[in-house]
Number of protein chains: 2
Amino acid sequence: MRADARRNLGKIVEAAAAVMAERGPAAPMDLIARRAGVGVGTLYRRFPDRAALLAAMGEHYVHSLAEALDRAAEREPDAWSALRAFVLWTGDAGRGALAAALAVLPEEATAGPGFMEIRARWLERLAVLVRRAQADGRMRADVTADDVVALLNLFACHPGSLPAHVASRPAWFLGLMLDGMSAGAAPH
Amino acid sequence: MRADARRNLGKIVEAAAAVMAERGPAAPMDLIARRAGVGVGTLYRRFPDRAALLAAMGEHYVHSLAEALDRAAEREPDAWSALRAFVLWTGDAGRGALAAALAVLPEEATAGPGFMEIRARWLERLAVLVRRAQADGRMRADVTADDVVALLNLFACHPGSLPAHVASRPAWFLGLMLDGMSAGAAPH
DNA sequence: CGTAACCGGAATATCATCATCCGCTAAGGA
DNA sequence: TCCTTAGCGGATGATGATATTCCGGTTACG
């Protein structure tokens, strides 16, 4: 594969994530191509249909998400801090990535080859972290890993249509919900 | 105005709220008409364009929202309980109404005659409630009324695209954020 | 019972997006 | 340096969805 082709491929995946984060999974292909600085033809040559593009995006970003979780787990001293750090990381670093990986993708791109495996592994690690934080008495016992994922989803789905007050301080709101999940909060 | 005409008008506003809650403010007029059990013609005769329809919806639902807040303030013994009751009420009773009044409307229907006044009054009452709850030491001091509104917005914007895990138990998630706002939670 | 207001939805106009195709460009090897 | 060919980009026609109009039929109300 020629060098420029490879370069463009990367640009397209990134652009797709960015545009879809703003306009949802049905965003016009035109926009994605333009954002990538590429003609529509190039886009279609590389990805015969939308599903293929979504699959590529999914694989790429779920991977980066899993990496971030592992990084947090290594660096932070305990499970609860790691969970917290990870959730807050999603708030500033990779909103587009999140929207892509969590909210947009599962609909159609679930079939990717490495996608399901890495996603499952990621979910499992998250669940372990949750259980550990609960065992440490730092996290409410009635909160599940799925709840954490749902929380991320809530913030990831269509950042473009998020209330401005939330969009401008995502970390603050994520922190609020984390506080609600912490052991200190009233369990009802 | 003939009796059936008036009846239909009500049905249309309700249908518009329901459909727009699911599909956003750009939902097809067809759908709205069908949901109302009415022909498209009737819809257009009553509301010359989308903006008119949005305005009508806005007035109607902001009103009902203000009523709910006042009701909660009367019934509950203290400010924090009232706030909590109101927020949780939005979770089950009137999601469509919320989506309409908070997320969908401000974009275009802000110009309605009674709209701005009642909205401002509502916001003011909400702010009073927040200040009282904070004075009572039941609510975190760094949370503002705008934050509460943003929270509602977060759940109201496009229920159709909410993660299933959230959509099926809205009250649970709202409760989580309320817990995060309560005085008990760690302020950081 | 008459009439005029009102209804419904078929028909048309409009528009945005998809997806293809082909002449041009330039990457990379000899 | 030059040649070959993978690769590029965007104009183009097809397609499907939505807005909006219009009129024959219906029904509320005096």
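The values are calculated or read from the model by the stated rules, or taken from the named source; none is laboratory data. No experiment lies behind these values; they were computed from the predicted model shown. In this analysis, Cβ positions are derived from the backbone assuming ideal geometry, glycine residues included, and neighbour counts consider all displayed protein chains.
Scanning region A:20-51 for residues that are closer than 26 Å to B:Ala26 by Cα, in a helix (DSSP H, G or I) and either at pLDDT 95 or above or in contact with a Lys or Arg (Cβ under 9 Å, 6 or more places away or on another chain) (or both) yields A:Ala21, A:Met29, A:Asp30, A:Leu31, A:Ile32, A:Ala33, A:Arg34, A:Arg35. When restricted to residues that are within 11 Å of DNA strand C (Cβ to nearest atom) and not β-branched (Val, Ile, Thr), region B:29-51 contains 12. Just one residue in the set A:Leu88, A:Leu154, A:Leu123 is at the interface with chain B (Cβ under 9 Å from one of its Cβ atoms) and at pLDDT 75 or above; that residue is A:Leu154. Output yes when any residue across region B:52-71 is at pLDDT 95 or above, of a type in the set (Gly, Ala, Ser), within 16 Å of DNA strand C (Cβ to nearest atom) and in a helix (DSSP H, G or I), and no when none is. There is no residue in region B:52-71 that is at pLDDT 95 or above, of a type in the set (Gly, Ala, Ser), within 16 Å of DNA strand C (Cβ to nearest atom) and in a helix (DSSP H, G or I). Which of the residues belonging to region B:1-28 are within 22 Å of B:Val62 (Cα to Cα) and within 12 Å of DNA strand C (Cβ to nearest atom)? B:Arg6, B:Arg7, B:Asn8, B:Leu9, B:Gly10, B:Lys11, B:Ile12, B:Ala15, B:Ala26 - these are the residues of region B:1-28 that are within 22 Å of B:Val62 (Cα to Cα) and within 12 Å of DNA strand C (Cβ to nearest atom). Within region A:14-26, one or more residues are within 14 Å of chain B (Cβ to nearest Cβ), within 15 Å of DNA strand D (Cβ to nearest atom) and among the aliphatic types (A, V, I, L, M). Screening B:Ala79 against (1) surrounded by 14 or more Cβ atoms within 10 Å (Cβ to Cβ); (2) near DNA strand D (Cβ under 8 Å from one of its atoms); (3) under 29 Å from B:Arg121 (Cβ atoms) leaves a single unmet condition, (2). Within region B:157-168, work out how many residues are more than 9 Å from every other protein chain (Cβ to nearest Cβ) and either assigned to a loop (DSSP other than H, G, I, E, B) or at pLDDT 85 or above (or both). Adding up the residues that qualify gives 1.
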